[in-house]
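The values are calculated or read from the model by the stated rules, or taken from the named source; none is laboratory data. In this text the structure is predicted, and so the values were computed from the model without any measurement. For neighbour counting, all protein chains shown are included, and Cβ atoms are generated from backbone atoms with ideal geometry for every residue, glycine included.
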Amino acid sequence: MIPEPPRPRMWDPAAEAPPDWAAAQDALADDAIRLALERSHEASTRLAEAGISPPERRGVAALHGVPVREKDHLPELQAADPPFGGMLGVDVSALRRIHRSPGPINDPEGRRADYWRMAPAFRAAGFNAGEVVLNTFSYHLTPGGHMMDAGLREVGCVVVSGGVGNTSGQAAFAAQIGATGYVGTPQFLLALLERGVEDGVRLGFRRALVSGAPLPPDLRRELEGRYAVSVFQAYGTADAGAIGYECEAKDGWHVAPGVVVEILYPGTREPCAPGRSGEVVVTSANPVYPLVRFGTGDLSAFIPNACTCGRTSARLAGFLGRVGEGVKVRGMFVHPRQLAEALGSHRGVRRYQGTVTEQNHRDALAVSVETTPGLPPDLDEVAARLRETTGLRAEVRAVEPGTIHDDAPPLVDLREG
């Protein structure tokens, strides 16, 4: 692969490098509180509990007494008050799309361009107008494909809506059309590149924006060293949009424009000192879906020193684990309640436990089941149930009675890091 000359990275100093980052966050927090009080029944109720009402303008400090709304609680909230749990700031008819994330969680998409604000992440990674980019996130039900698609189109890229799976077909197609950019999980990028070698297909990926799964250092070295793909990370959720992304320094994730990010101790909800790990909690001044102290369930920390790139935005120290019950597998969250939905009422399943492992940089979901005496279940039918509820293929295996203890957790993440 012929090395590509460096490209200038275009970014917005007003949004990403304000002279006083803390003051910019304060102004954004005030706007978010105002919108939430005007538009969100769910958020305004929590703000009232904290004694906050307009026209106060106290910035991020005003948030400190507001209860956190955990992402893991959204399915229950939305079931009680469908379809969005009192969090939607506009009429449903004003939306462009409605998505369904694992959980299950209903996710609104407003009509503005680049609704999830992903364009700055693509610009930071060096994507440019006219570049052909393969987007391998799903376009079906879940919002991931549309999130990235909107950001790419805002930058002016030509988007190839690849979606998930079909490794050989996507590798051949990407090579044929001359795609130089990739979007998806880092693990699937490696799978595509390896399949290209196996099939004798010359892939021309030069840069990649990866998300939805960890990027271990050894995997990054392989992608950048062996395959000469410059890899950048982005971090976001369907609820809050872009939260952070890497610049050319690749030293942490810059907090994205448009969100207030706090790092809170999971137990006390007190702000963490820079360098200390806590839950990523987001406040967003989004008129369609105002968020106030939205707990992502992800763990990270603020990096105390300034970045060499010139951005003044705070930086996150990457993904440091999870607080909530959800476990991300191949870019999709799997929750214990999904396993319960699939297996809890199955007469042939006495106990079950899901495990997530990693083999050669690929996530694997397996579910062990203890069968009911005299009622052995059809394991293929169990696997089909799991795929319907989680959206993922799982290896289902029967185990001896007594293998799974009564108090065993329903879902265990055995991956390192």
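Annotation: of all residues in the range 364-417 being more than 15 Å from residue 348 (Cα to Cα) and of a type in the set (Ser, Thr, Tyr), the one that is surrounded by the fewest Cβ atoms within 10 Å (Cβ to Cβ) is 403.
Cβ-Cβ under 7 Å, sequence separation 6+ or interchain: first residue in the range 13-24 and free of Cβ contacts under 8 Å to residues at least 40 places away in the same chain, partner in a loop (DSSP other than H, G, I, E, B) and of a type in the set (Phe, Trp, Tyr). Which pairs? Close Cβ pairs (under 7 Å, with a partner that is in a loop (DSSP other than H, G, I, E, B) and of a type in the set (Phe, Trp, Tyr)) do not exist here.
Counting only residues that are part of a strand (DSSP E or B) and in contact with a Gly (Cβ under 9 Å, 6 or more places away or on another chain), how many does the range 333-357 have? The total comes to 3. Taken over the range 349-363, the criterion of being more than 16 Å from residue 403 (Cβ to Cβ) and surrounded by fewer than 18 Cβ atoms within 10 Å (Cβ to Cβ) is satisfied by 357, 359, 360, 362.
What do you reckon, is residue 30 in a helix (DSSP H, G or I) and either within 25 Å of residue 313 (Cβ to Cβ) or of a type in the set (Lys, Arg) (or both)? In short, yes.
Take the range 274-294 and flag every residue that is under 18 Å from residue 321 (Cα atoms) and among the aliphatic types (A, V, I, L, M).
280, 281, 282
For the subset of the range 305-334 comprising residues that are hydrophobic (A, V, I, L, M, F, W, C) and surrounded by fewer than 18 Cβ atoms within 10 Å (Cβ to Cβ), which member is farthest from the chain's Cα centre (by Cα)? The qualifying residue farthest from the chain's Cα centre (by Cα) is 306. Residue 133 fulfils the conditions (1) part of a loop (DSSP other than H, G, I, E, B); (2) more than 21 Å from residue 259 (Cα to Cα); (3) of a type outside the set (Ser, Thr, Tyr); (4) in contact with a Leu (Cβ under 9 Å, 6 or more places away or on another chain) except for a single criterion, (1). Yes or no: residue 228 over 28 Å from residue 77 (Cα atoms), surrounded by fewer than 23 Cβ atoms within 10 Å (Cβ to Cβ) and either of a type in the set (Gly, Ala, Ser) or not assigned by TED's automatic domain parsing to the domain that holds residue 63 (or both)? Taking the combined requirement at face value, the residue satisfies it. Filtered by the rule that a residue be among the hydrophobic types (A, V, I, L, M, F, W, C) and in contact with a Leu (Cβ under 7 Å, 6 or more places away or on another chain), the range 341-368 gives 342, 349, 356, 365, 367.
For the range 141-150, the criterion of being over 30 Å from residue 288 (Cβ atoms) and either in contact with an Asp or Glu (Cβ under 9 Å, 6 or more places away or on another chain) or modelled with pLDDT of 95 or more (or both) is met by no residue.
Any residue at all in the range 378-398 that is more than 13 Å from residue 343 (Cα to Cα), in a loop (DSSP other than H, G, I, E, B) and over 24 Å from the mean Cα position of the chain (by Cα)? Looking for residues that are more than 13 Å from residue 343 (Cα to Cα), in a loop (DSSP other than H, G, I, E, B) and over 24 Å from the mean Cα position of the chain (by Cα), one finds none in the range 378-398, hence no. Examine the range 271-287 for a residue that is in contact with a Ser or Thr (Cβ under 8 Å, 6 or more places away or on another chain), at negative phi, in the same structural domain as residue 24 (by TED's automatic domain parsing) and of a type in the set (D, E, K, R), and state whether such a residue exists. Yes - at least one qualifying residue is present in the range 271-287.
Note on the range 135-153: residues that are in contact with a helix residue (DSSP H, G or I) (Cβ under 7 Å, 6 or more places away or on another chain) and surrounded by fewer than 19 Cβ atoms within 10 Å (Cβ to Cβ) amount to 1.
Residues of the range 111-134 being basic (Lys, Arg) and buried (at least 24 other Cβ atoms within 10 Å of the Cβ), which ones?
Residues of the range 111-134 basic (Lys, Arg): 111-112, 117, 123.
117, the sole residue that qualifies.
Every condition in (1) modelled with pLDDT under 95; (2) under 26 Å from residue 75 (Cα atoms) is met by residue 259 except one, and the failing one is (1).
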